[in-house]
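Notes for the one structure printed next.
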Amino acid sequence: MRTFMMFLRRSALLFFTLCVFTPLPVSAESPSQNPFAGDAQAIADGKKHFEGVCAGYCHVTESSTRPGQCPSLFDCEWKNGAKDADIFRIMSDGVPKTQMIGFKGRLPDEMLWKIVAYLRSASKCQQDGKPSAAAAH
């Protein structure tokens, strides 16, 4: 009986040690490429999310003529990066000393990526941030 109790104590100590000192797996980082790029349904969902969350408070819609209190996301002036991964990072982390809050933990990554897909599809710019032929003056 005494041997069995020592075994239980050592097992419990080993279990406790493994639980406390073993690092938990960290979730994979967000992809650098938009998993919803070119997906028509995701773009339609992204438009709804954008209109409900982003355009509902700060940004203007693609066809709006009113001035927005925050920058237009449909022109070619990207101050904090023009790639999909940059836009996702900005939406996730926010921009310090601006009204742009971070949505990480508030909105699912999937929703943010769909918004990026929509912005990209409705933008007057190409992927590299330069005006597309249709938007060039």
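Normalised per residue, the accessible area of segment 41-99 is 60 Å², obtained with a 1.4 Å probe and no contribution from ligands, DNA or RNA. Checking the cross-link pairs Lys79/Lys124; Lys48/Lys83; Lys48/Lys114; Lys48/Lys79; Lys47/Lys114 against a 19 Å limit on the alpha carbon distance flags Lys48/Lys83; Lys48/Lys79 as lying beyond it. When peptides 117-123, 71-77, 92-98 are sorted by average Cβ neighbour count within 10 Å, with the highest value leading, the order is 117-123, 71-77, 92-98.
The values are calculated or read from the model by the stated rules, or taken from the named source; none is laboratory data. These numbers were taken from a predicted model, which means no experiment stands behind them. All Cβ positions, even for glycine, are placed from backbone atoms using ideal geometry, and neighbour counts span all protein chains on display. Heads up: the accessible areas ignore ligands, DNA and RNA and are worked out on the full protein's heavy atoms, side chains in. Shrake-Rupley method; radii C 1.70, N 1.55, O 1.52, S 1.80 Å.
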